[in-house]
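Enquirer: Sending over a structure as C-alpha cells; questions will come in a sec.
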Amino acid sequence: MAEGTTWTTYDANKMTSKEIYGKVLAELGETNDKIVGVTADLAKSTNIGNFGDRFPDRLFNVGIAEQNLFGVAAGLAKTGLIPFASTFAIFACLRGGEQVRTDIAYQNLPVKIIATHGGLSFGPAGTTHHCTEDYAIMRAIANMTVVIPADGFETAKAVRACIDVPGPFYMRVGRGFEPPLHDDENFEFTIGKAMQLHEGSDLTIIACGTPVLQALEAAKDLAQEGISVRVINMHTLKPIDKEAVMNAVMDTRRILTVEEHNVIGGLGDAVAAVIAESGKGCAFTKLGIPDEYSVIGYPEDLYARYKLDATGIAETVKELLGKEIEADEDWTDED
Amino acid sequence: MPKDVSVQKLKQKAKELRLNIVKTANFAGSGHVGGSLSCADVLAALYFKYLNVNPEDPAMFDRDRFILSKGHCALAYVPCLAMAGFVPMESLEHFNHYESPYGMHPDSKKVRGCDASTGSLGHGLPMGVGMALGLRYQKTDAKVVVLMGDGEQNEGSVWEAAMAAHHFKLKNLIAIVDRNKMMIDGRTEDVMGIDPIDKKYEAFGFEVITCNGNDMNEVDAALAKAWSNDTDKPVCIISQTEKGFGVKKFQGNVKWHYGAMNSDLFKEAVADIEAMD
C-alpha cells in the first residue's frame, strides 16, 4: 500500500463518501422539496439520517424490510417525488432486487438508490455483508444508470448530478473509511464521462470506486521505474464511456481493469465488451474478486489479498506488460 | 367524494364487466378468468362510484390511486378501464397479442389510467404505502386502494408493508383482499393457509371490514365505510368471493384459475352472465 493511504486513518477534515452523501442530500433538500428519503433501519449507518434530522417529515424509515423499502420508494416516486433510498449494497441488489427491477426500473421511476457498505468495505462483518455482485446485477437492469464514485468528493458531485437523471439511479459507496482521491471539489464530474487521472503510453488502468486511488498510486510508483501508465476513473459503469475505452485501446493497447467486485459481470466485462465489439485487439486483464466468496478481515487486508491495493495493481501491470499481443502496424487504418 | 350511483346501476356495470372479461379472454386466447370474475363487483363499484379518477386527465394529481396488486387479473382491470373511458373498448381485441399494450399483467407505461405495473405478487401494498405517504406529504386527501389476491397473502412483503401502513398511520390507504379461497395449486387453506386473515390484519393494526364481495349491496356498504374511515388506521376489506363467479362451470372450480375457452364454453359463459340479476 502506498504511503499515507490507509483505510482506517485518514484526514478527518476530508469527509468520507457516506458522510458527504448525507450532508449533500440535506443541502439539496433545502431547495428541492420533492426530495424525500427512505431507509430500512440504516438511517445512521447510511448517513441518510442527516437528511432526516433536517427534514423529519421527509425521511421514512420502514424498519428492517428491504423489499418494502424499494416498493415504498417506487410509490413515493409515483406521486411525483424524488426518493433517495438507502441501505447496504448487498440488500439493495439482492434482498430488494426484484422491487428495484420491477417496481422502480421497469416503471422508469426517478428513485436514487444509494447503496453503502459496498464491495469489501464492511470486511469484518463477513461475507453476508460484503457485496461483490451489485455491478453485474444493476448493469443488467434496463433503464438503470450505475455510478461508483471513487471518494467523498465524487460522491457529493454524483448526488447533485443524479437529480437530473430522469430514471432510476444506482450509486455504490463504501463504509465511509476510504481515503479521498481528490483534494477538493475543484474537478469536473459528468455522469457517463470517464476521468483521466494520469497520462501514460504503455498500459491503461481502468478502475472504479475505491481502487481508483490505488491505481493512481501504482501508476505513480511505476513511473519511477520507467513504466508509463494511464489511469482512467470509470466512475459511471452504465452508460460506459466507450470513447475513453477505445482511446485507451488505440493509444496503449494494454488494458487492466480494477474493481471491488466479482470479476464476472462488472467493470472488466463492461470494458471487455466495448473492446470485443470494436474488433480491435488488446492485451487485457481483469482484476477484481475471483469468482468465490470473499473472506473476513479488515478492508486493507482484503484489498491486499485480492491485489486491489497499489502493490497488487503494480504487480499485475507488470504481468500484463509481459503478455504477448499480435503486432499489427496498420491497425489504425481498420476503422 | 363517491359519486351518487345506485346499487342497481353498479350491478349492471359488474355484469357488463363480466361479459367484457370473458370476451377479452376469448380475444386473448386464454386468461385468468377465475380471479378476474371473482373481483368484478369490487372493480365495478370502485371505478363507477368510489374512485375519483378522470379519463380526460388520467394524471390528475389529486386523483385516487388504484393498484391491481393481483396483477394477473389485468383481464378484469383493462376492460374495466375501457368501460370507464380510459382506453378504447375495441383495443381489447388485441389483448395479449404481439406488441399489444395489454398483456396478462398490466404495464403502467402502456395502459392509460393504470397507476402501477404489477404482476409479481406482494408488490402492490408496498407501492401503495409509498403512494399514501407521498400524497399525504403533498397534502392531498386522495386515497390509495390496493386490490390483492388471497394467495398473494403468502408473500412476506405484504406483511412488511402492512406493518408500515399502521406505523405511518395511513388512514388514506385501503387494502382489499379478494378472498376467493383458491390459488394455482388448489384451495388456499390446503396450499398455504391464511386464515384467520381478518384477525391477521386486525393484529397488524388495520380497521377490518368483511363483506360478501359478490353481493353489490355488501360491496357498496363496505366501500362506503372504508371511504368514511375516521380512525387514523389503514383499512382492510376482506372481500369474500367465489372464484369464477357468474359462470357456472368456472364457479368455485380451481381448474379455472387460468384457462382457454372453446366456442361452446364461451357461448355458455356469456349466457350464464346474461342470465345474472
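Any read-out appearing in this document is the output of simple, stated calculations on the displayed coordinates, not a laboratory observation. Worth saying up front: this structure is predicted, and the values here are computed from it rather than measured. Heads up, the Cβs are rebuilt from the backbone with ideal geometry, glycines too, and the neighbour counts pull from every protein chain shown.
Enquirer: If you stretched the chain out fully between B:L265 and B:D190, how much longer would it get, using 0.36 nm times the residue separation minus the C-alpha to C-alpha distance? Write down the numbers at each step before the final one.
Expert: Numbers: separation 75, 0.36 × 75 = 27.00 nm, distance 2.86 nm.
Here the segment from B:L265 to B:D190 would lengthen by 24.1 nm.
Enquirer: For a Förster distance of 56 Å, can you work out the FRET efficiency between the beta-carbons of B:V5 and A:E19, rounded to the nearest 0.05? Show your work: numbers first, answer last.
Expert: On the way: r = 56 Å, r/R0 = 1.00.
Plugging the Cβ-Cβ distance into 1/(1 + (r/R0)^6) gives 0.50.
Enquirer: Now, a different point. Taking the DSSP beta bridges in chain A as the whole, what percent of them are antiparallel, to the nearest 5? Intermediate results must be reported in sequence, preceding the final value.
Expert: Details: 6 of 41 bridges.
Approximately 15 percent, going by the DSSP bridge assignments.
Enquirer: Something else about it: Rank the residues B:Y50, B:Y77, A:Y106 as a footprinting-exposure proxy: fewest other Cβ atoms within 10 Å of their Cβ go first. Walk me through the intermediate numbers first.
Expert: Numbers: B:Y50 25, B:Y77 28, A:Y106 20.
So the ranking, lowest neighbour count to highest, is A:Y106, B:Y50, B:Y77.
Enquirer: Next question, about the same structure. Assuming a viscosity of 0.890 mPa s and a temperature of 25 °C, what translational diffusion coefficient in µm² per second does Stokes-Einstein assign to region A:98-181, Rh being the Kirkwood radius over Cα pairs? Mind dumping the intermediate values first?
Expert: Numbers: Rh = 13.4 Å.
For these conditions, the coefficient is 183 µm²/s.
Enquirer: Measure nothing fancy, just the Cα-based angle from helix B:7-28's long axis to the longest principal axis of chain B, in degrees from 0 to 90, nearest 10.
Expert: 60
Enquirer: Please compute the contact order of chain B in relative form: average sequence separation of alpha-carbon pairs under 8 Å and at least six residues apart, divided by the residue count, as a percent. Don't skip to the end; give the middle numbers.
Expert: On the way: 573 pairs, mean separation 63.0, N = 277.
Worked out over chain B, it gives 23 percent.
Enquirer: Classify chain A as rounded, prolate or oblate from the Cα gyration tensor: take a ≥ b ≥ c as the square roots of its eigenvalues, call it rounded if a/c is under 1.5, otherwise prolate when a/b beats b/c and oblate if not.
Expert: prolate
Enquirer: Report Rg(Cα)/(2.2 N^0.38 Å) for region B:1-148, keeping two decimals. Walk me through the numbers on the way to the answer.
Expert: Values: Rg = 14.5 Å, N = 148, 2.2 N^0.38 = 14.7 Å.
Region B:1-148 yields a ratio of 0.99.
Enquirer: Please report Rg over Rh for region A:159-203, where both radii come from the alpha carbon positions and Rh follows the Kirkwood definition.
Expert: Working: Rg = 13.9 Å, Rh = 13.7 Å.
Taking Rh as the inverse mean 1/r over Cα pairs, Rg/Rh reads 1.01.
Enquirer: Still on this structure: What share of the DSSP beta bridges in region A:17-172 is antiparallel, in percent to the nearest 5? Intermediate values should be presented prior to the final figure.
Expert: Details: 1 of 21 bridges.
Percentage antiparallel, nearest 5: 5.
Enquirer: Measure out, as a whole number of angstrom, how far apart the alpha-carbon centroids of region A:162-236 and region B:41-95 sit.
Expert: Computed from Cα coordinates, the inter-centre distance equals 49 Å.
Enquirer: Now, a different point. Which residue, chosen from A:A158, A:L109, A:L94, occupies the Cα position most advanced towards the positive end of the dipole of region A:17-172, where the dipole is computed from +1 (Lys, Arg) and -1 (Asp, Glu) charges on Cβ about the Cα centre?
Expert: About the Cα centre, the residue reaching furthest to the positive side is A:L109.
Enquirer: Hull surface divided by four, with the convex hull built on the Cα atoms of region A:187-335: how many nm²? Write down the numbers at each step before the final one.
Expert: Working: hull surface 37.0 nm².
Orientation-averaged projected area of the Cα hull: 9.3 nm².
Enquirer: Based on the alpha-carbon gyration tensor of region A:17-172 and its eigenvalue square roots a ≥ b ≥ c, which shape applies: rounded if a/c is under 1.5, prolate if not and a/b is larger than b/c, or oblate? Mind dumping the intermediate values first?
Expert: Numbers: a/c = 1.32, a/b = 1.13, b/c = 1.18.
Rounded.
Enquirer: Give me the number: length gained by fully extending B:H94 to B:D277, i.e. 0.36 nm times residue separation minus the C-alpha to C-alpha distance, one decimal in nm. Write out the running numbers ahead of the final one.
Expert: Values: separation 183, 0.36 × 183 = 65.88 nm, distance 2.97 nm.
Between B:H94 and B:D277, full extension yields an extra 62.9 nm.
Enquirer: If you don't mind, there's one more thing I want to ask. What full-extension length gain, to one decimal in nm, is calculated for A:E292 and A:R54 as 0.36 nm per residue of separation minus the Cα-Cα distance? Spell out each step's value before the answer.
Expert: Values: separation 238, 0.36 × 238 = 85.68 nm, distance 4.19 nm.
Extending this stretch completely gives an extra 81.5 nm.
Enquirer: Also, quick follow-up: To one decimal place, what Kirkwood hydrodynamic radius in Å is obtained for the protein assembly as shown from all pairs of distinct Cα atoms? Can you show the working numbers first?
Expert: Values: mean 1/r = 0.0382 Å⁻¹.
Averaging 1/r across every pair of different Cα atoms and inverting gives 26.1 Å.
Enquirer: Here is a follow-up. Evaluate the distance, in nm, between pseudo-label points positioned 7 Å from the Cα of A:T128 and of A:R305 along their respective Cα→Cβ axes.
Expert: If labels sit at A:T128 and A:R305, their model points lie 1.8 nm apart.
Enquirer: Would any residue of region A:223-266 have its amide N under 16 Å from a label point 7 Å out along Cα→Cβ of A:K193? List them or say none.
Expert: Of the residues in region A:223-266, A:233-237, A:239-245 have backbone N under 16 Å from the label point off A:K193.
Enquirer: If you plug each phi of region A:176-184 into the Karplus form 6.51 cos²θ - 1.76 cosθ + 1.60 with θ = phi - 60°, what whole-Hz ³J(HN,Hα) values come out, in order, with x for Gly and Pro?
Expert: x, 10, 7, x, x, 8, 9, 7, 7
Enquirer: May I ask for the angle, rounded to the nearest 10°, between helix A:17-31 and the longest principal axis of chain A, with both axes built from Cα atoms and the value confined to 0 to 90°?
Expert: With both axes taken from Cα atoms, the answer is about 50 degrees.
Enquirer: From the square roots a ≥ b ≥ c of the eigenvalues of the alpha-carbon gyration tensor of region A:178-245, which class results: rounded (a/c under 1.5), prolate (a/b over b/c), or oblate? Working shown, then result.
Expert: Details: a/c = 2.04, a/b = 1.32, b/c = 1.54.
Note, shape of region A:178-245 comes out oblate.
Enquirer: Set the Förster distance to 60 Å, then compute FRET efficiency between B:A221 and A:M246 from the Cβ-Cβ distance, nearest 0.05. Don't skip to the end; give the middle numbers.
Expert: Working: r = 68 Å, r/R0 = 1.13.
With a Förster radius of 60 Å, E is 0.30.
Enquirer: Divide the volume of the convex hull of the Cα atoms of region A:55-132 by its number of residues and quote the answer in cubic angstrom per residue. Kindly include the intermediate steps, with their values, before the conclusion.
Expert: On the way: hull volume 7.3 nm³, N = 78.
Convex hull volume per residue, Cα atoms: 93 Å³.
Enquirer: I want the antiparallel fraction of DSSP beta bridges within chain B, as a percent rounded to 5. Walk me through the numbers before you get to the answer.
Expert: On the way: 3 of 25 bridges.
Beta bridges within chain B, antiparallel portion: roughly 10 percent.
Enquirer: Follow-up question, since we're still on this one. Given an 8 Å cut-off on Cα distances and at least 6 residues of separation, report the relative contact order of chain A as a percent.
Expert: Values: 746 pairs, mean separation 57.2, N = 335.
It comes to 17 percent, rounded to a whole number.
Enquirer: Using packing as a proxy for protection, rank B:249-258, B:148-157 so that the peptide with the highest average count of other Cβ atoms within 10 Å comes first. List each step's numbers first, then the result.
Expert: Values: B:249-258: 17.6, B:148-157: 22.5.
Ranked by mean Cβ neighbours within 10 Å, highest first: B:148-157, B:249-258.
Enquirer: Another question, if that's okay. According to a simple spin-label model (label point 7 Å from Cα along Cα-to-Cβ), what is the distance in nm between B:S30 and A:N32?
Expert: If labels sit at A:N32 and B:S30, their model points lie 4.6 nm apart.
Enquirer: For all pairs of alpha-carbon atoms in region B:7-274, what percent lies in each bin of width 10 Å, listed from the first bin to the last filled one?
Expert: For region B:7-274, the binned pair fractions read 7, 33, 39, 18, 3, 0 percent.
Enquirer: Cα-Cα over 31 Å: which of B:K9/B:K199; B:K11/B:K70; A:K18/A:K193? Walk me through the numbers on the way to the answer.
Expert: Working: B:K9/B:K199 33 Å; B:K11/B:K70 22 Å; A:K18/A:K193 23 Å.
Flagged as over cut-off: B:K9/B:K199.
Enquirer: Return one number: the angle in degrees, 0 to 90 and rounded to the nearest 10, between the long axis of the Cα atoms of helix A:66-78 and the longest principal axis of the Cα atoms of chain A.
Expert: Rounded to the nearest ten degrees, it is 80.
Enquirer: Quickly rank B:1-10, A:178-187, A:123-132 as a protection proxy: mean count of other C-beta atoms within 10 Å, highest first.
Expert: On the way: B:1-10: 13.0, A:178-187: 16.1, A:123-132: 18.9.
Going by the mean number of other Cβ atoms within 10 Å, highest first, we get A:123-132, A:178-187, B:1-10.
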